[in-house]
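Engineer: Handing you this structure, nothing more for now.
What follows draws every value from the coordinates through simple rules; no lab data is involved. Quick caveat: nothing in here was measured; it's all calculated off a predicted structure. Here Cβ is always computed from backbone atoms with ideal geometry, including for glycine, and neighbour counts include all displayed protein chains.
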Amino acid sequence: MRKLDYQSEPGEAPRHMRALHPRFSVRGISGTQLSGGVLTGYERNPSLTGLNWVTEAEDMLRTDPVVRRSWHMLRQTLLSATWRWESADDQDPACNELARFANEAWGLDGYAGQTTLSWEEQLSYLLEFVPLGYRYAEEVYRVGLDENGKTRVWLDHYADREPSAHQRWLSRDNQHLDGVLQNTVGVGKVAEPIPSNKLLLLTLNRTGSNFEGSGMLRPVWWWWRTKQRISNLMCVGTDRWAIPAPKVKVDRALAEQQGLTDADINAMIDEAEAQAQAFLSAEQSYLIDNPVVSFETYSAAPNLYAQGPLDIIRECDNQISQAFLAQFANLGITDTGSRSVGEVHLSMFRRAAINLCDIVASAVSGVDRRGGGTIGRLVRWNYGAVDPSKLPRLAHTGLDTDDLAESLGMLPALVQSGLLTPDDELERAIRERLGAGDLPEEAQRSAGERQVQEPVGVSSLAEALVRRRRSEKT
């Protein structure tokens, strides 16, 4: 009988470990259950799959202020990054030309841009993949002249394709993405399949062939629903117990003494009931009773037990903030208000924002591929076949922590202790971060002249910098 590849003689290494050449054939599968273009097997809650999940996610962002605040904080942080295309090799003129072309195409690094929408405007909807889990846009191209008068193929813009119009993923082998098919929304053009090499697909936490990933809102959903239920119950309780309920009291012994019949008593009870209903509905603000039929109160003291529900709602808000790594926003309204704790949380928040920007940068950069590599397609159409190692890279700055800016408060002490030399290079770095311009040659001093003889506070250091800027302007 023929032995399989993994079988071997006793004491002999398996054949797949002794192979003298790589095995290029693919034998495994991604493990993703993709049936008819619909992903199954990941989400156990059927109400959170497909368009149902899109609807739930949109409701969460539109109705809950804490969900909106958490995503708004992260979104605005992501939008504050500065983007530019960097050359693969600064010493190679060909690489520099490709980087120049990319910056001109996207309108980055000082260029006006060839897109009809700015990169920041397009990021505002491309970044929506973070809360939902995925987002894709169709690449729209046009032909035009560059700054040198040459005819080029440009990216006009990334046309947003909302997930609410998504129908199914197209894959011939149920492993790799071949395109997407959308639903026809309203009365209009019938949506045609969009091929994968005309798509920019952004996915968060993608595994296998799960093109939809898992967004930041998914672990928030249960807490959001719990918060809704608790809030509704608290409002019902407040509405029920804020005003004591009137209770109709009947003294039948007195009624018999006065010779009243059962019909008379029932008529008086019906009248009292009508008054109570009018009182509770605010149609009238008074009650008229008599010795036989009078009014008392059921639960005279208002029973506004709201502390328990408020504690639960507060915990729900805390869990929602933690899902977006924005729990530092709760400092000051909770038991913890430490500055150092907030700085640690902010540092983690920044790292998460940097990684999310990296997802966008990696999707746009690189060679022409399924769901990504826009720059690879444009370079091939305009410059022909180019070595992938020469393609420019989309990079972002502004979200990293600045060690020098964080150390400005300790700068006088470091200089006093001799651990830091106040030379021209250090002064230029500080002036750059303060926006004071370059250091003039006549202002250059030696380390001894800069040596601080007495401890200098942050306020006095700032005043000195302001005075120097004024003197330079005059």
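Engineer: Which of the GluC sites (Glu not before Pro) across the range 246-286 are loop residues per DSSP, with 11 or fewer other Cβ within 10 Å? List each step's numbers first, then the result.
Structural biologist: On the way: sites: Glu256, Glu271, Glu273, Glu283; in loops: Glu283.
Answer in residue order: Glu283.
Engineer: Quick one: which of 348-356, 44-52, 244-252, 100-108 comes out on top by average Cβ neighbours within 10 Å, and what's the full order, highest first?
Structural biologist: My ranking of the peptides, most packed first, is 100-108, 348-356, 244-252, 44-52.
Engineer: Something else: Given labels modelled 7 Å from the Cα in the Cβ direction, how far is it in nm from Ser35 to Gln277?
Structural biologist: So the two model labels end up 5.4 nm from each other.
Engineer: Can you figure out the FRET efficiency of Tyr141 with Arg44, using R₀ = 41 Å and their beta-carbon distance, to the nearest 0.05? Numbers along the way, then the final one.
Structural biologist: Values: r = 41 Å, r/R0 = 1.01.
So, using R0 = 41 Å, E works out to roughly 0.50.
Engineer: Given points 7 Å out from each Cα along the Cα-Cβ axis, report the Thr151 to Glu192 separation in nanometres with one decimal.
Structural biologist: Taking the two extended label points, one gets 2.2 nm.
Engineer: Right, here's the next one. Calculate the FRET efficiency for Ile243 and Ala267 from the Cβ-Cβ distance with a Förster distance of 41 Å, rounded to the nearest 0.05.
Structural biologist: 0.95
Engineer: How much FRET efficiency would the formula 1/(1 + (r/R0)^6) give for Trp222 and His72, where r is the Cβ-Cβ distance and R0 is 22 Å, rounded to 0.05?
Structural biologist: Calculated transfer efficiency: 0.55.
Engineer: Turning to a different aspect of this structure: Taking Cα pairs under 8 Å and at least six residues apart, what relative contact order does the range 248-293 come out at, in percent?
Structural biologist: Once normalised by length, the contact order is 54 percent.
Engineer: Assign one of three labels to the range 110-175, namely rounded, prolate or oblate, based on the Cα gyration tensor with a ≥ b ≥ c the square roots of its eigenvalues; rounded applies when a/c is under 1.5, prolate when it is not and a/b is larger than b/c, and oblate otherwise.
Structural biologist: oblate
Engineer: What does the extension gain come out to for Leu79 and Glu296, with contour length at 0.36 nm per residue minus their alpha carbon separation?
Structural biologist: Result for the pair: 71.9 nm of gain on full extension.
Engineer: About the Cα centre of the range 248-293, what is the dipole size in debye to 20, counting +1 per Lys and Arg Cβ and -1 per Asp and Glu Cβ, all else neutral?
Structural biologist: With only Lys, Arg, Asp and Glu charged at Cβ, the dipole is about 140 debye.
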